[in-house]
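What follows is one structure encoded as structure tokens, with my remarks underneath.
The values are calculated or read from the model by the stated rules, or taken from the named source; none is laboratory data. Worth saying up front: this structure is predicted, and the values here are computed from it rather than measured. Here the Cβ positions follow ideal geometry from the backbone for every residue, glycine too, while neighbour counts run over all protein chains shown. Accessible surface areas use protein heavy atoms only, side chains included; no ligands, DNA or RNA. Shrake-Rupley method; radii C 1.70, N 1.55, O 1.52, S 1.80 Å.
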Amino acid sequence: MNGTTNIAGKPEAQAIVETVERLAKPELLDLGGGVRVLVQPGQSGHAISIKKHLDEYRDKPERRKGTASLGTLQAFIDHANRFKDDDSAIFASDDPKEPKLTSVLDYHRSGATSDPRFGQHRGVYEFPLSDEWEAWTEQDGKPMGQGAFAEFLESRALDVADPKDAAGSSLDFAKKLGVEFVGASRLIELSRNLSITEHSRVTSATNLSSGEVQFSYVSEHRDETGQTLKLPGAFLLSLPVFRGGEAFYVAARLRSRKKESSVLFFYELWRTDKVFEVAFGDACTKAATETKIPLCVGSPAACPLRAS
């Protein structure tokens, strides 16, 4: 007999080759739930996911995932309505610096014993501020010269509301401060057409019985004809807080102060924090009502696992 043979009667070399091939061949294991892995043989064998290889041959994705960034509240609502199901959820971040709505369209099934889901299909609306809101809040309380103030008012004249439209908290503001709202034309006339100087005088009065002298300092503004000028006390703005959103009335008090030989103008917006709060709350209510999706204030839970 030529060559060494094994028990099965095969040449030893052939038996070794077959054994090595058998031991080197990876094994496909089905772990259930659609999860299959390749297991490398040997003492140091480990499982290798074959999902990415299978995904290459899919006709469609295994599930929806990804985050859509929506530019308007209505777009956020329409996107949620398109993909929602009975267990979708909306989360509202009420941080004034970073307000945001997030829809988690594949949120966990409701109920303590229900199945979890990946939470990877989402929509986000980050409440972009309107140009009007940014323009007026940026200059709030900042003194401007007559020319700069006139230029600012001319560029933003359409934001000034008719005083007759004042209502609610705006009227309360006017009553508390004892001021009246003026319109855009009056503000522009004030800033552009009046040459303002400040005249000051000191008066004194003597108490004859005690000899005490009381001094008083009187300061007044005059127009170019020398007549005393009465500065309007306040004006009313109509501003959308968020781009494409509803406009809200914002009261503004007009101020002026002397700087050397000139007069500076500035305004102070009243309770913009409350206006922002109302606008954000209205947006949340609109989103919850028109999508019929439960809304929670906070952040959504992280994904249960990092699925590819």
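Each residue in the stretch 139-162 was checked for being part of a helix (DSSP H, G or I), within 15 Å of L254 (Cβ to Cβ) and polar (S, T, N, Q), and 1 pass. Just a yes or no: is a residue in the stretch 238-253 closer than 30 Å to G145 by Cα and at pLDDT below 75? For the stretch 238-253, residues closer than 30 Å to G145 by Cα and at pLDDT below 75: absent. Working only within the stretch 256-272, note down all residues that are touching a strand residue (DSSP E or B) at 6+ places or on another chain (Cβ under 7 Å) and either part of a helix (DSSP H, G or I) or modelled with pLDDT under 85 (or both). Hits for the stretch 256-272 are S256, R257, K258, V263, L264, F265, T272. A89 passes every criterion in (1) open to solvent by 30 Å² or more (accessible area, probe 1.4 Å); (2) of a type in the set (A, V, I, L, M, F, W, C); (3) at pLDDT 95 or above apart from (1). Please name all residue pairs, on different chains or six or more residues apart, with Cβ atoms under 8 Å, provided the first residue is in the stretch 53-69 and is more than 21 Å from S103 (Cβ to Cβ) and open to solvent by less than 100 Å² (accessible area, probe 1.4 Å) and the second residue is part of a loop (DSSP other than H, G, I, E, B) and modelled with pLDDT of 75 or more. If the second residue must be part of a loop (DSSP other than H, G, I, E, B) and modelled with pLDDT of 75 or more, the pairs left are D55/E62. For beta carbons closer than 6 Å, sequence separation of 6+ or different chains, a first residue in the stretch 78-99 that is within 27 Å of E134 (Cβ to Cβ) and a second that is assigned to a loop (DSSP other than H, G, I, E, B) and aromatic (F, W, Y), the qualifying pairs are P99/F127. Of all residues in the stretch 107-126, exactly one satisfies the criterion of being buried (at least 20 other Cβ atoms within 10 Å of the Cβ) and assigned to a loop (DSSP other than H, G, I, E, B), namely Y107.
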